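Take a look at the structure set out below.
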Amino acid sequence: MAVDYQKEGRIAIFTINRPDVLNAINAQVSQDMNEAMLDFRDDPDLWVGIITGAGEKSFSAGADITGFRPGPAVPREERTERVRADQIWKPFIAAINGYALGGGLELAMTCDIRIAAEHARLGLPEVRIGFMPGGGGTQRLPRFVPRAKAAEMLLTGQHIDAQEAYRIGLVNKVVPLAQLMSTAREWAEAICQAGPLGVRAVKEAMIRGYNMTLEDGLQLERELANRIRSTEDFMEGARAFIERRRPVYKAK
Ligand code: COA
């Protein structure tokens with residue numbers, strides 16, 4: 001498998017598994033990742049996803065350059081539904097274990113939280129090989145970091161290190177490589193302690209609300225909050241608080 005997909009309790013771990021080519025993304029990686037994401041979305045026992053890369057050198061060095069052909073991208077045969085991490089309301093954490101370049105950084109930017117190993121390097125180097133980002137890089141990066149910094153990274157194609165990525169807000173935390181997966185799991189576990197339906201509604205409100213006017217966003221938030229108020233977990237959270245015990249959420 002080009003993507004190793006493991007279930008650990010409520011957490012799913014997606015590992016891009018082509019370490020010999022720095023986890024470059026070919027058609028097989030895309031297909032395996034998509035299938036795993038669909039399974040994760042539809043499995044009621046899974047609440048948080050962690051995406052990482054095999055080995056110690058790279059999360060992903062982006063699209064597999066050896067597969068580049070001239071001419072427009074051939075439209076994919078849509079035999080199966082395509083889905084991205086920012087279209088699934090369960091949260092995703094990117095555990096960036098090295099290079100996150102091109103499509104690798106674009107994948108990490110579809111996640112909600114990014115944790116980087118100290119040696120990680122992040123960038124959108126496509127222009128350096130005569131190309132341009134095609135997986136959302138020109139659209140997401142300027143929404144995540146100051147516009148001037150996005151322009152610098154996109155126009156020069158130069159990488160930044162993990163500390164700079166932290167300084168500009170592109171990653172949430174930088175840790176030694178040995179602590180990367182344990183830190184990602186800790187954050188995932190912390191999210192799993194919260195009511196999963198509330199968590200998903202928060203993600204939906206943040207993503208769908210981003211391009212709305214404030215009034216429309218507030219309306220969306222009210223609708224989602226009303227939906228949560230009629231769930232079992234809403235009453236369980238309140239009851240557990242009053243009874244001074246840990247809540248037991250069922251995602252219902
Ligand atoms: N596509 C296909 N193969 C890739 C790749 C990619 N995006 N990135 C790295 N590889 C392969 C290399 O060809 C090499 O294969 P080989 O051992 O068979 O020669 C192997 O992965 C290791 O990479 P290498 O370049 O030798 O490692 P390095 O430490 O010297 O450099 C990078 C690491 C990430 C700086 C360099 O590999 C690089 O610039 N990769 C391309 C990044 C990029 O432009 N991504 C956007 C693509 S649109």
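The values are calculated or read from the model by the stated rules, or taken from the named source; none is laboratory data. As the structure is a prediction and not an experimental result, all values here were calculated from the model. Positions of Cβ are backbone-derived with ideal geometry, glycine not excepted, and every protein chain shown enters the neighbour counts.
Values as computed for the structure displayed
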read-out: Scope segment 193-250; condition within 25 Å of Ile11 (Cβ to Cβ) and either touching a strand residue (DSSP E or B) at 6+ places or on another chain (Cβ under 6 Å) or not in a helix (DSSP H, G or I) (or both); matching residues; value: Ala194, Gly195, Thr231, Arg245, Arg246, Pro247, Val248, Tyr249, Lys250
read-out: Test for Ile96: is it within 16 Å of the ligand (Cβ to nearest atom), in contact (Cβ under 8 Å) with a residue 12 or more places away in the chain and closer than 22 Å to Glu8 by Cα; value: yes
read-out: Residue in segment 110-131 that is farthest from the ligand (Cβ to nearest atom), counting only those that are more than 21 Å from the chain's Cα centre (by Cα) and assigned to a loop (DSSP other than H, G, I, E, B); value: Gly130
read-out: Pair list, Cβ < 6 Å and 6+ apart or interchain, from segment 7-21 residues that are within 16 Å of the ligand (Cβ to nearest atom) to residues that are of a type in the set (Val, Ile, Thr); value: Ile16/Val3; Ile16/Val29
read-out: Any hit, segment 145-167, residues being touching a Ser or Thr at 6+ places or on another chain (Cβ under 7 Å) and either assigned to a helix (DSSP H, G or I) or more than 30 Å from Arg246 (Cα to Cα) (or both); value: yes
read-out: Number of positions in segment 195-252 that are in contact with an Asp or Glu (Cβ under 9 Å, 6 or more places away or on another chain) and either of a type outside the set (A, V, I, L, M, F, W, C) or farther than 30 Å from Gln139 by Cα (or both); value: 11
read-out: Residue list for segment 137-162, restricted to those being under 26 Å from Val175 (Cβ atoms), of a type outside the set (Asp, Glu) and either out of contact with any strand residue (DSSP E or B) (no Cβ under 8 Å at 6 or more places or on another chain) or touching a residue at least 40 places away in the same chain (Cβ under 8 Å) (or both); value: Gly137, Arg140, Leu141, Arg143, Phe144, Val145, Pro146, Lys149, Ala150, His159, Ala162
read-out: The lone exception for Lys173 - which of (1) under 19 Å from Ala251 (Cα atoms); (2) in the same structural domain as Trp89 (by TED's automatic domain parsing) it fails; value: (1)
